[in-house]
Amino acid sequence: MVRNKRASKALKGTYLALVLAFLYIPIVVMIALSFNKSVSRAEWTGFTFDWYAKLFQSKQIMAALRVTLEVAVVATAVSTVIGTLGAIGMHAMNTGMANVLVNLSYLPMTTPDIVTGVSLMLMFVFAKVPLSKWTMIMAHIAFDTPYVLFSVMPKLRQMNPNLYEAALDLGCSPMKALGKVIVPEISPGIVTGALLAFTMSLDDFVISYFTSNTDQNLAMIVYSAARRGVEPTMYALSTLMFVAIMALLLLVNRRSGLENM
Amino acid sequence: MKRSWYASPYALWMVLFTVVPLLFVCYYAFTDAAGAFTTANFTKIAQPMYLLVLWDSLRLAVYCTALCLLIGYPTAYFLASRDFSRAQSLVVLILVPMWMNFLLRTYAMMTLLEDNGVLNTLLRSIGLPGFKLIGTEGAVLLGMVYNYLPFMVLPIYTVLKKMDYSVIEAAEDLGCSPIRVVSRVVLPMSIPGVVSGITMVFMPAVTTFSISRLMSSGMVYLVGDMIEDYFISMNNRNVGSSISLVMLVLIILSIGFLRKVDPDNQGGGLW
């Protein structure tokens with residue numbers, strides 16, 4: 001019986017190891033190749049940082065990096081404010097109205113990305129708004145905000161409702177009570193929501209691709225480069241993007257724990 | 001000012017940037033280039049050539065979902081079993097790639113499978129002939145499974161982890177064989193997670209456009225690629241909209257169907 005158990009554990013372990021290998025071998029190979037001297041994927045001719053240097057010399061990639069960061073920062077800031085206020089407002093609403101809004105927030109999560117992308121593109125084109133990083137920002141705010149909302153809502157539900165009432169009774173104006181009582185109580189949710197929004201924004205390709213024409217973000221650069229074939233500078237770029245997303249996720253995770261991910 | 005008013009900027013933004021754009025899709029789908037009402041866009045995409053692309057997309061998405069379930073279910077089950085003291089870190093390891101940009105993951109996969117890529121070089125170095133991988137349907141399928149597998153593992157794992165372990169022990173005590181424990185106890189209880197996983201894999205798989213384009217260098221053409229072409233290169237937004245609308249309706253219908261299987265949404269989405 002004991003031997004049986006040990007055998008089954010070994011079997012399970014091997015299976016999990018195989019799945020992990022499947023998931024990680026491509027990533028590891030890509031990171032290794034970003035340091036490979038040779039352009040060819042077939043041989044290892046020595047260690048180099050050349051591809052990283054090339055990356056930082058490329059005007060196109062640096063411009064894309066700027067667009068990516070600008071869009072992520074602005075979209076995160078706006079969606080954090082709108083989303084937090086939205087959560088506070090919905091918390092104070094009657095259930096019927098709040099349910100309508102919650103369902104509205106699920107809409108961008110259930111619509112396929114490509115349909116969201118083309119639908120926004122249609123609206124912008126119809127309104128004759130040129131497709132640039134500004135339209136990209138508007139689109140990003142639309143898909144970022146629900147993440148903020150859903151991070152803040154549970155914190156509001158956990159909050160003691162009497163605290164707000166007490167502040168009002170003690171002479172706080174509603175605005176002041178909001179700033180002094182509610183926001184500090186829910187701030188962990190706000191920060192988590194903001195980090196999630198930032199990650200989503202950095203990571204987005206499909207919606208950005210359809211909502212911006214003149215400005216490209218990094219993911220769009222990766223796509224157009226990948227269509228031309230494989231280039232080592234793209235490995236370097238991918239490695240850096242991978243590391244950046246990992247760092248952000250570690251931050252989010254340390255805050256919220258994996259269960260809430 | 002009432003506190004519920006704080007939600008108005010949010011409501012306004014969501015209506016303006018998610019509901020209104022979807023109405024534009026409907027509008028464009030039912031009009032021609034001049035803006036007059038027509039159903040010609042739909043009769044056009046009912047032609048065999050278009051239906052074949054739709055069929056290919058559905059077929060590949062179904063294969064991909066089935067493969068993810070086949071590989072992902074045991075993964076989630078083993079992770080949730082009590083055999084591993086470090087199971088929590090293993091779960092994190094399996095989920096991490098989910099957060100990596102899917103283009104980067106696809107790009108990494110391309111590197112392995114190219115004609116002069118890592119896999120073929122390895123094969124040749126041990127004297128075996130290389131394979132033509134990029135450009136085949138198998139490569140697209142592999143790229144899709146690689147991208148979406150964690151989305152299947154997570155919801156199943158969540159449901160299995162919440163399961164009351166004493167139920168399994170009771171079944172064992174009452175003489176169930178391990179296979180029957182899985183088929184009679186574990187599987188029925190994990191249905192919500194399976195439904196949620198199927199939704200999260202099938203939905204993006206059926207509308208993918210870049211994975212197919214990159215993994216097949218354009219040889220495998222799916223609905224997502226068609227939508228991209230109509231909007232970006234052909235600039236025919238009316239036909240593009242009608243395809244998008246059909247896809248959207250298809251997905252809403254399948255979500256509705258899956259909700260029926262799991263009415264309480266116990267599997268929970270990612271969020």
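Rounded to two decimals, the Cα-based Rg/Rh of segment B:79-142, with Kirkwood Rh, is 1.16.
Across segment B:26-38, coupling constants 3J(HN,Hα) worked out from phi with the 6.51/-1.76/1.60 Karplus curve, θ = phi - 60°, read 4, 4, 5, 5, 9, 10, 9, 4, 7, x, 8, 5, 7 Hz, and Gly and Pro carry x. Taking all Cα pairs closer than 8 Å and separated by 6 or more residues, the relative contact order of chain B comes to 27 percent.
Pairs from the table (A:K54/B:K132; A:K12/B:K161; A:K155/B:K260) lying more than 20 angstrom apart at Cα are A:K54/B:K132; A:K155/B:K260. Once you reduce segment A:97-135 and segment B:237-263 to the center of their Cα atoms, the two points are 16 Å from each other. Of the residues A:L120, A:V100, A:V243, the one whose Cα sits farthest toward the positive end of the charge dipole of chain A, with +1 on the Cβ of Lys and Arg and -1 on the Cβ of Asp and Glu, is A:V243. Set the Cα radius of gyration of segment A:50-260 against 2.2 N^0.38 Å, with N its number of residues, and you get 1.18. Note on segment A:181-211 and segment B:1-69: Cα centroid distance 25 Å, given to the nearest whole angstrom. Backbone geometry of segment A:80-94 corresponds, through the Karplus equation with coefficients 6.51, -1.76 and 1.60 at θ = phi - 60°, to 3J(HN,Hα) couplings of 5, 5, 4, x, 5, 4, x, 5, 5, x, 5, 5, 7, 7, 6 Hz, x marking Gly and Pro. Rg over Rh for segment B:45-261 works out to 1.05, both radii taken from alpha-carbon positions and Rh defined as the Kirkwood radius. Since only B:Y77, B:I45, B:V140 are under comparison, the one whose Cα sits farthest along the positive direction of the charge dipole of chain B, derived from C-beta charges on Lys, Arg, Asp and Glu, is B:Y77.
Highest average first, the peptides A:73-81, A:120-128, A:163-171 ordered by how many other beta carbon atoms sit within 10 Å of their residues are A:73-81, A:120-128, A:163-171.
Once you have a ≥ b ≥ c as the square roots of the Cα gyration tensor eigenvalues for segment A:1-125, tell me rounded if a/c is under 1.5, and otherwise prolate or oblate according to whether a/b is larger than b/c. Mind showing how you got there, number by number?
Details: a/c = 2.92, a/b = 1.26, b/c = 2.31.
Taking the square roots of the gyration eigenvalues as a ≥ b ≥ c, segment A:1-125 is oblate.
Cross-link partners for A:K59 among the lysines, with Cα-Cα distance under 27 Å and sequence neighbours closer than 8 places in the same chain left out: A:K37, A:K133. One equal scatterer on each Cα of the protein assembly as shown, no solvent, Debye formula: the resulting log10 I(q)/I(0) at q = 0.06, 0.08, 0.13 Å⁻¹ is -0.32, -0.57, -1.43.
Other chains near B:91-102: what is the mean number of their Cβ atoms within 10 Å of each residue's Cβ? Walk me through the numbers on the way to the answer.
Values: counts 2, 5, 5, 5, 5, 9, 7, 3, 10, 9, 12, 4.
Neighbouring Cβ atoms belonging to other protein chains average 6 per residue here.
Every read-out reported here was derived from the displayed coordinates using simple, explicitly stated rules and does not represent laboratory data. Given the structure is predicted, the values throughout are model-derived calculations rather than measurements. In this analysis, Cβ positions are derived from the backbone assuming ideal geometry, glycine residues included, and neighbour counts consider all displayed protein chains.
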